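Taking it in order: structure first as structure tokens, then the write-up.
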């Protein structure tokens, strides 16, 4: 029974080991917890989970193993909150819309746009209330109403599974925010970015190493023996390229958080802005864009290959903006964006792309695939897990 | 066995009680994490009080080395004594200075050992303490003796999550994440600390407090310790509860906000919110 539980935990990605399993068994034998399921839940959580990011996953596994709950893929409503499966929404809408209405939607910005709005609406609603069920698009102003998409009776994002009457502790899932595949806050990003920080001693020996001097002087029976060490440098240098404007506006806040976190972490950090895709010009101050423009070639000349380049952008644009000369939405570009991307990634030994779009949706946008190709698959989602993977990649 | 329970001064949730008791019974270190100001350090004091054991505190700084918790060899005094021809110089054990861990190991009775803010130290720090915390023993190279704990201390470790702790270390610990208390628990906590507070004042203050925490963009959300400081100030100033009632944080900055908001950007944010809502009313 319990071995099954441990295996389920490990399958869910919680690194519970034999040591911890034995600790749990001993705890039960010693009667640490009372004989009820709540106490057992508390005890097993303390023994098996060592990272608050795993608490949410633990709650889910616990619920499944000990309550016979369906896995989230079924009709579990939690999945809807967590990932908002677009397929389902699409089918839902397809079923409810006539051909004319679909055409009208296309005219109003296309299906993806609509899905985008629905997704935003969901996010907003989840932010305003905590718990409880929400209803989408009841107002006459919503585009869903206008286009005849009548979702009444469709319950999206019910916080608690409706299969049970009483809500148990693990079903409250209060640690959801700490799961590393969802949360993106300034503090957490800071944590992940710390991975990037690599202290290394290099350069000339300039600092007096007092403990070593004393030790070797003592070893030398009292005659002075000076020891020096090189000064400590933070060797990580980072160039940050931020996508701004246009499709990126939704994500500007996220990138700003990343940016503010990054600023405190590195001694050598430069940032540049671009729109959708880097071309021959970048700028350093979005408000005074014209005055702060620098040539991309200049950037390549100025910063050595040892800088780590991090691009932040949703990479969602028309494919022409990447592959076609003159494809930029803002100006006439002599060379396609892909040439500039190749130049940048070729020059900097380590580079990565952070994408704030949910990873599940990457396959649907053609340009994301293109950028991924250009980055040789070094694209990571803007989540704690993604940032950790990125920093591992960058510091390898 | 004398277990750990919520006390008059410290409200512990059931899961925290279970975690503490499990760690005490199985003689493993308990790692406590949580938002700053949710009572991680205080927990060690309360556990010591509940179990009736003395407490040894070891506060970690960025320069702290694991070795310092065991012992330090004072080479400088030995060198000086050697040059002055002091007799003590022949016995090396005169220059071994005991650390907190040794103190706890050598004590006549069981102690509670608090290792506070372990994440402040170098990344290797927890790794260097693996064996010491597991077997509760270590070896002194200078004198060739092994120090074994006479009574395994109850070890409580706190972390603010500034560094990731190594897996091997985590595997040896029990873990508890102190969640931010909900309203009901918070009322109990306020009662525990200020038994003679006016009910109305406490209610209004909690309203304002949770409203402030609800504002999304705060850099540093106020936590329990800030709330308690603020309440103390409110009681000293003897403000009537009505003052708080009007101060929806969206309309005005709450009185004595210095105790709650620790960041000038947060104060600015509130000023801006207040300004905006005044404009809207006009």
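The values are calculated or read from the model by the stated rules, or taken from the named source; none is laboratory data. Here the structure is a predicted model, which means the values were calculated and not measured. Cβ: placed from backbone, ideal geometry, glycine included. Neighbour counts: every protein chain shown.
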Is there a residue in segment B:49-69 that is surrounded by fewer than 20 Cβ atoms within 10 Å (Cβ to Cβ) and either within 21 Å of residue B:184 (Cβ to Cβ) or at the interface with chain A (Cβ under 8 Å from one of its Cβ atoms) (or both)? no
Under the condition of being touching a residue at least 60 places away in the same chain (Cβ under 8 Å) and either touching a strand residue (DSSP E or B) at 6+ places or on another chain (Cβ under 8 Å) or at the interface with chain B (Cβ under 10 Å from one of its Cβ atoms) (or both), which residue from segment A:1-52 is farthest from residue B:15 (Cα to Cα)? A:52
Return yes when residue B:17 is over 19 Å from residue A:34 (Cα atoms) and either touching a helix residue (DSSP H, G or I) at 6+ places or on another chain (Cβ under 9 Å) or surrounded by fewer than 17 Cβ atoms within 10 Å (Cβ to Cβ) (or both) and no when it is not. no
Enumerated strands (runs of 3 or more DSSP E) restricted to segment A:282-373, each holding at least 3 residues that are under 26 Å from the mean Cα position of the chain (by Cα) and in the same structural domain as residue A:389 (by TED's automatic domain parsing): A:308-312, A:350-355
Of all residues in segment B:244-261, which are crowded, with 19+ Cβ neighbours inside 10 Å, modelled with pLDDT of 70 or more and part of a loop (DSSP other than H, G, I, E, B)? B:254, B:260, B:261
Do you know which of the residues in segment B:112-160 that are closer than 16 Å to residue B:47 by Cβ, assigned to a loop (DSSP other than H, G, I, E, B) and touching a residue at least 60 places away in the same chain (Cβ under 8 Å) is nearest to the chain's Cα centre (by Cα)? B:153
Given the structure, is residue B:38 within 23 Å of residue B:187 (Cβ to Cβ) and in contact (Cβ under 8 Å) with a residue 40 or more places away in the chain? yes
Say whether the condition of being over 17 Å from residue B:34 (Cβ atoms), without any contact (Cβ under 8 Å) to a residue 24 or more places away in the chain and surrounded by fewer than 17 Cβ atoms within 10 Å (Cβ to Cβ) is met by at least one residue in segment B:172-185. yes
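If I filter segment B:1-9 for residues that are under 13 Å from the mean Cα position of the chain (by Cα) and closer than 23 Å to residue B:151 by Cα, do I get at least one hit?
Checked against the condition, which is being under 13 Å from the mean Cα position of the chain (by Cα) and closer than 23 Å to residue B:151 by Cα, segment B:1-9 yields no hits at all.
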Working only within segment B:168-181, note down all residues that are facing chain A (nearest Cβ under 9 Å), farther than 21 Å from residue B:104 by Cα and assigned to a loop (DSSP other than H, G, I, E, B). B:179
Can you pull out every residue in segment B:150-164 that is facing another protein chain (nearest Cβ under 8 Å) and over 23 Å from residue B:17 (Cα atoms)? B:162, B:163, B:164
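Among the candidates B:165, B:234, B:218, which residue alone is assigned to a loop (DSSP other than H, G, I, E, B), at pLDDT below 85 and buried (at least 19 other Cβ atoms within 10 Å of the Cβ)?
Result: B:165 is the single residue among B:165, B:234, B:218 that is assigned to a loop (DSSP other than H, G, I, E, B), at pLDDT below 85 and buried (at least 19 other Cβ atoms within 10 Å of the Cβ).
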Residue count, segment B:186-196, condition surrounded by 16 or more Cβ atoms within 10 Å (Cβ to Cβ) and over 17 Å from the mean Cα position of the chain (by Cα), comes to 5
Going through segment B:16-50 one residue at a time, which ones are out of contact with any strand residue (DSSP E or B) (no Cβ under 7 Å at 6 or more places or on another chain) and not in a loop (DSSP other than H, G, I, E, B)? B:17, B:18, B:21, B:25, B:26, B:42, B:46, B:49, B:50
Output for segment A:189-227, where each listed residue is loosely packed, with under 11 Cβ neighbours inside 10 Å, at pLDDT 60 or above and farther than 30 Å from residue B:85 by Cβ: A:206
Just checking, does segment B:36-44 include any residue being more than 20 Å from residue A:211 (Cβ to Cβ), within 17 Å of the chain's Cα centre (by Cα) and within 11 Å of chain A (Cβ to nearest Cβ)? yes
